[in-house]
Amino acid sequence: MSILSELKDRLRGPLAKLDKQPEPLLEMVRRSQDSKFGDYQANFAMPLGKRLGRSPREIALDVVTQLDLKDSCEVVKVDGPGFINLTLKDEWLAERLSAAVTDPRLGVPSVETPRTHVVDYSAPNVAKPMHVGHIRSTVIGDALCRMLRFLGHAVTSDNHIGDWGTQFGMILHGYRNFRDDAAYQKAPVEELARLYRLVRRLMDYHDGKARLPGLREKLRQQEDALAVERAAAGDNLPLPVGERAGVRGPSSAAPKKAAKNLRRAEGDLAQTRDEIESLEASLAAVDADPQFSTLAADHADVGAAVLAETAKLHAGDEDSRRLWREFSPHCRDEIQRVYARLNVTFDHTLGESFYQDRLAATVQDLIDRGIAQESQGAVCVFLEGQPAPMLVRKQDGAFLYATTDLATIEYRLETWRPDAILYVVDHRQSMHFEHLFATVRRMGITDVELQHVSFGTVLGSDGRPFRTRSGDTVGLEGLLDEAVCRAGRIVADNDDAKPGGPELSPDERVRIAERVGIAALKYADLSQNRTSDYVFSYDKMLAMNGNTATYMQYAYARVRSIFAKGNVDVEALRASGAAILLGTPAERALGLEVLRFGEALDLALLDYRPNQLTAYLFELAGCYSTFFENCPVLKAETDALRTSRLLLCDLTARVLHKGLEILGIEVVEKM
Ligand code: ARG
């Protein structure tokens, strides 16, 4: 059990006497921000005092007198208005550290009641190359699976790839009209990707042409709206400072509001103008390419043709199905290459196509049970409190993304009987999942936790969704290549600068660069609060200092290097049973931090946030730095001290290693 859970356990009894629901109050037991207030702090007396109409200090004292913490705490103290501050005993910490030395789980026990989870992540729409948008779902999902497994939960990972949608209509159309047979024979994956891009470009061109007049009209209206706001703001402009002191106008909020409206109108206009400009530029680029513009002119109906291809596939057209069966493995190979580099695996990749012959029955069942209704030829589920219904069958009989997701849930429940299904999917789909989950509850399925583990957008340095200079989405493989290439330069520079000259062979440099580059990319994502957007930056993610994989890998390699330098037999060290001494503040702080590993994992899984684990590992690395600066290890004053410090180094390295592994990040022994 983690220290925190143990402290909470001890506090639960006395608290339960004061409040029937002690759990939310126990959430207020935390690590102290400042060590002068002890190691852990409980703040629940304040809200509890308010609720009970008693003095918080009295409550805190009341709880403390009932507490039995003699074995683990040196000091149990009530401070200020009612903070309970706990300082752990050094011997108690040392004992736990010694136990961790011989424990492959580093003192983190498996959970007492394991649950079964299905984790749905990555899920690209195949038949088109993976792009930057897929990185978050893939690495967050993989890290969550690893964390859950480490804690002893059962996990089934299922990559719900989009292999049945319009993008297949696109490659079918491309294959039938534009394929290069020789190229397809030689390298099918590349040829299919080329066909996808070609059809995409044709569709975008005609789409753009059709959109342009509407956008221009919108611009005109926004110009009018701006003129109105300008006039309003002009009448209400805030008075110059000197005149403001005395009387205020009837409402000082009015000018502020007008200025705000004006800014908004200006922003809207600028956005539309940008949109028109970039659209015009891309249309002009096509027009300047005679070959492509002829092609575009010959295929003005490409959008409709693609939809027709998709419909034919769905309707069971034999030749379309045959081609789909032929393309599908190539598309899977393509994504598999990326997963292999990212070191990400799945138990299953069933994909949307897997559920197609279940959809009709799913919809019929919803109708029969009165959950779904026909409305203007379509079938919908109307949900309380939702402005729009969830559509499960279109007027033309086609099924939707949501229909497949319903059938998928039914299948997963039947097959794996999970306690929880986690969907690691972009925040833009939150409405979809809200509807989906509400429908599932209406179906009477209540005994499964359904979680949309949503995440924000990856932004470029301009603060907008990350795109290439020409406005295309950024391919994932290119991103990996670039990160590895830059990591290569860092590894080389670092090696060249070593006091005794370079130590790494060219082969080693290549291998290390791949690990460092991929790790940087993954860690940069995992270390962000998943619900926020973040700005993508190679420089930041590969920085040797700060909360980056590069820094963490370097910290690990540095700890490991001590053992090589001191010629230490690590196995013998661990088996020695030697005491761990926590005589100085730096040693004690490092020891306590090592023991917080389980706590960090609990925190990370509480609401599925891997950044809780990266933050912990970063703090651990920081404690190690302080320790290393203050406490000589190989040159410690006594043998006992040397051994104890080596044990602390070893524990630190093992926690870093395990923690990074749980995040899906590989360490390097040398850098
Ligand atoms: N393929 C979908 C997309 O790219 C994501 C699927 C997520 N999983 C799910 N069960 N809906 O948007």
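Bear in mind these aren't lab numbers, they're just calculated from the coordinates by the rules spelled out. Values in this document were obtained by computation on a predicted structure and should not be read as measured data. All Cβ positions, even for glycine, are placed from backbone atoms using ideal geometry, and neighbour counts span all protein chains on display.
Structure summary
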{"quantity": "Residue among A259, G501, V78 farthest towards the positive dipole end of the chain, charges placed on Cβ", "calculated": "V78"}
{"quantity": "Burial ranking of peptide ranges 511-521, 375-385, 446-456 (average Cβ count within 10 Å, highest at the top)", "calculated": "511-521, 446-456, 375-385"}
{"quantity": "Kirkwood Rh, angstrom, the range 1-138 [1 / mean 1/r, Cα pairs]", "calculated": "17.9 Å"}
{"quantity": "Stokes-Einstein D in µm²/s, Kirkwood radius over Cα pairs - the range 254-393 at 25 °C with 0.890 mPa s viscosity", "calculated": "115 µm²/s"}
{"quantity": "Three semi-axes of the equivalent ellipsoid, the range 59-209, Cα gyration tensor, whole Å, largest first", "calculated": "60, 20, 13"}
{"quantity": "Highest to lowest packing among 191-204, 46-59, scored as the average C-beta count within 10 Å", "calculated": "191-204, 46-59"}
{"quantity": "Whole-Å semi-axes of the range 1-40's equivalent ellipsoid (Cα gyration tensor)", "calculated": "20, 11, 8"}
{"quantity": "Spatially proximal lysines relative to K670 (Cα-Cα < 18 Å; intrachain offsets below 8 disregarded)", "calculated": "K498, K565, K658"}
{"quantity": "Calculated P(r) tail over 20 Å for the range 457-556, as whole % of Cα pairs", "calculated": "41 percent"}
{"quantity": "Positive dipole terminus of the chain, leading residue within N529, W164, V458 (C-beta point charges)", "calculated": "N529"}
{"quantity": "Alpha carbon convex hull of the chain, volume per residue in cubic angstrom", "calculated": "256 Å³"}
{"quantity": "Cut-off under 5 Å, modelled amide H: who pairs with L69 long-range", "calculated": "none"}
{"quantity": "Rg/Rg_ref, the range 502-644, where Rg_ref = 2.2 N^0.38 Å and atoms are Cα", "calculated": "1.21"}
{"quantity": "By average C-beta atoms within 10 angstrom, highest first, the peptides 74-86, 253-265", "calculated": "74-86, 253-265"}
{"quantity": "Relative exposure of I421, I367, judged by other C-beta atoms within 10 Å (fewest first)", "calculated": "I367, I421"}
{"quantity": "nm² value of the averaged projected area, convex hull over the Cα atoms of the range 566-661", "calculated": "6.3 nm²"}
{"quantity": "Cα centroid of the range 80-143 to Cα centroid of the range 190-205, whole Å", "calculated": "42 Å"}
{"quantity": "Tail weight of P(r) past 21 Å, computed on alpha-carbon pairs of the range 139-218, percent", "calculated": "56 percent"}
{"quantity": "Directionally averaged shadow of the range 380-488, computed from the convex hull of its alpha-carbon atoms, nm²", "calculated": "11.1 nm²"}
{"quantity": "Cut-off under 5 Å, modelled amide H: who pairs with E74 long-range", "calculated": "T87, L88, K89"}
